[in-house]
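**Q** Shown below is the structure under consideration.
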Amino acid sequence: MGAYAAKALVMDNVSPDGPVYQAGTLSGNPVAMAAGIAQLEVCLEKGFYESLSQKTDGFIQEIQDHSIEKGYPFSAFNIGSIFWMSFSGKGPIKRADQITANSADLFRVFFDALLERGVYIGPSGYEVGFVSAAHTKEDLSKATKAIKDALDITFQP
């Protein structure tokens with residue numbers, strides 16, 4: 001669901017009053033609206049975001065612990081349910097010059113190893129991932145094992 005607003009000078013140009021046509025695939029669709037309301041109701045349940053954050057914290061910590069134990073130049077980070085990975089072993093990357101030169105090469109090996117294990121992440125090392133309420137402990141356990149295996153393959157001597 002979404003909405004937009006502006007001063008009358010702008011909004012008067014939007015159809016049906018003006019010449020600018022605006023539409024979306026599911027605009028005004030009652031099924032889409034019902035789904036949006038249902039999703040918001042789940043998100044507003046007490047403790048929803050705290051639980052999601054805890055789930056992601058545990059997922060990322062296990063991956064990070066493996067990386068530290070093995071001495072890999074790799075770090076995993078998260079804020080709430082959003083996570084990202086860095087092939088630098090440094091803190092969170094905030095500037096392009098903090099990205100190691102071979103990061104893309106390492107990510108390709110890592111990405112391919114994950115696909116072979118049935119885990120799909122974004123196809124670029126610059127993307128973030130998301131843990132959702134739909135992810136079960138079993139899902140995250142499978143992903144954690146696959147990520148650890150993929151790291152072992154990526155950094156094998």
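The values are calculated or read from the model by the stated rules, or taken from the named source; none is laboratory data. Fair warning: this is a prediction, and the values are worked out from it, not measured in the lab. With ideal geometry, Cβ positions are generated from the backbone for all residues, glycine too; neighbour counts draw on all protein chains shown. Surface accessibility is based on the protein's heavy atoms, side chains included, excluding ligands, DNA and RNA. Shrake-Rupley method; radii C 1.70, N 1.55, O 1.52, S 1.80 Å.
**Q** Quick one: with all protein chains in place, what share of the accessible area of the range 64-145 is carbon or sulfur, to the nearest percent (1.4 Å probe)?
**A** 57
**Q** Determine how many Å³ per residue the convex hull of the Cα atoms of the range 1-53 encloses.
**A** Expressed per residue, the convex hull around the Cα atoms of the range 1-53 is 120 Å³.
**Q** If the reach is capped at under 22 angstrom between alpha carbons, list the lysines near Lys145, excluding any in the same chain fewer than eight residues apart.
**A** Lys55, Lys70, Lys137
**Q** Rounded if a/c is under 1.5, else prolate if a/b beats b/c, else oblate: with a ≥ b ≥ c from the C-alpha gyration tensor eigenvalues square-rooted, which is the range 45-96?
**A** Since a/c reaches 1.5 but b/c is at least a/b, the shape of the range 45-96 is classed as oblate.
**Q** Could you give the length gained by full extension between Phe48 and Asp12, i.e. 0.36 nm per residue of separation minus their alpha carbon distance, to one decimal place?
**A** 9.0 nm
**Q** Sticking with the crude label model, points 7 Å out along Cα→Cβ, report the distance from Val31 to Ser124 in nm, one decimal please.
**A** Distance between the two pseudo-spin positions: 3.2 nm.
**Q** Another question, if that's okay. Mind grabbing the base-10 log of I(q)/I(0) for the range 114-157 at q = 0.13, 0.16 Å⁻¹? Debye formula, identical points on the C-alpha positions, no solvent, two decimal places.
**A** Those come out to -0.31, -0.47, one per q.
**Q** Could you do me a favour and compute the accessible area per residue for the chain, 1.4 Å probe, result in Å²?
**A** The answer is 67 Å² per residue.
**Q** Hey, what angle do you get for helix 48-70 against the long axis of the chain, alpha-carbon based, 0 to 90 degrees rounded to 10?
**A** In the chain, helix 48-70 runs at an angle near 30 degrees to the longest axis.
**Q** Hey, another quick one. Using just the alpha carbons, could you tell me how many Å³ per residue the convex hull of the range 1-131 encloses?
**A** 203
**Q** Tell me which residues come under 5 Å, amide H to amide H, from Gly129 once H is placed; ignore anything under 5 positions away on its chain.
**A** Phe83, Trp84
**Q** Run lengths n ≥ 4 of DSSP H only: what is the helix-derived mean residue ellipticity at 222 nm for the chain, with -39500 (n - 2.57) per run over all residues, to the nearest 500?
**A** Only helices count here, giving -15000 deg cm²/dmol.
**Q** Once you mark the chymotrypsin sites (Phe, Trp or Tyr not before Pro) that are in a DSSP loop and have at most 14 other Cβ atoms within 10 Å, what is the longest gap between them in the chain?
**A** 22-119
**Q** Round to the nearest 10 and give me the degree value, 0 to 90, for the angle of helix 30-43's Cα axis relative to the longest principal axis of the chain.
**A** The answer is roughly 50 degrees.
**Q** Run the dipole for the chain about the Cα centre, Lys and Arg Cβ at +1, Asp and Glu Cβ at -1, nothing else charged, and hand back the magnitude in debye, nearest 20.
**A** That gives a dipole near 200 debye.
**Q** Among His66, Ser53, Ala101, whose Cα lies farthest out toward the positive end of the dipole of the chain, if unit charges sit on the beta carbon of Lys, Arg (+1) and Asp, Glu (-1)?
**A** My answer, from the dipole projection, is Ala101.
**Q** Could I ask something else about it? Tell me which GluC sites (Glu not before Pro) from the range 69-127 have a DSSP coil assignment and no more than 11 other beta carbons within 10 Å of their own.
**A** Glu127
**Q** Run through all the Cα pairs of the range 91-133 and give the fraction in each 10 Å bin from 0, expressed as whole percent.
**A** Spelled out bin by bin, the range 91-133 gives 23, 49, 24, 3 percent.
**Q** Each residue of the range 146-156 in order: what ³J(HN,Hα) in whole Hz does its phi give by Karplus 6.51 cos²θ - 1.76 cosθ + 1.60, θ = phi - 60°, with x for Gly and Pro?
**A** 4, 5, 4, 4, 5, 5, 4, 6, 4, 9, 5
**Q** Counting other C-beta atoms within 10 Å, and keeping those with at most 12, which DSSP coil trypsin sites (Lys or Arg not before Pro) do you find in the range 1-81?
**A** Counting only loop positions with at most 12 other Cβ atoms within 10 Å, the trypsin sites (Lys or Arg not before Pro) in the range 1-81 are Lys7, Lys46.
**Q** Could you check the spin-label model distance between Leu115 and Ser132? Points 7 Å from the Cα along Cα→Cβ, value in nm.
**A** The answer from the label model is 2.2 nm.
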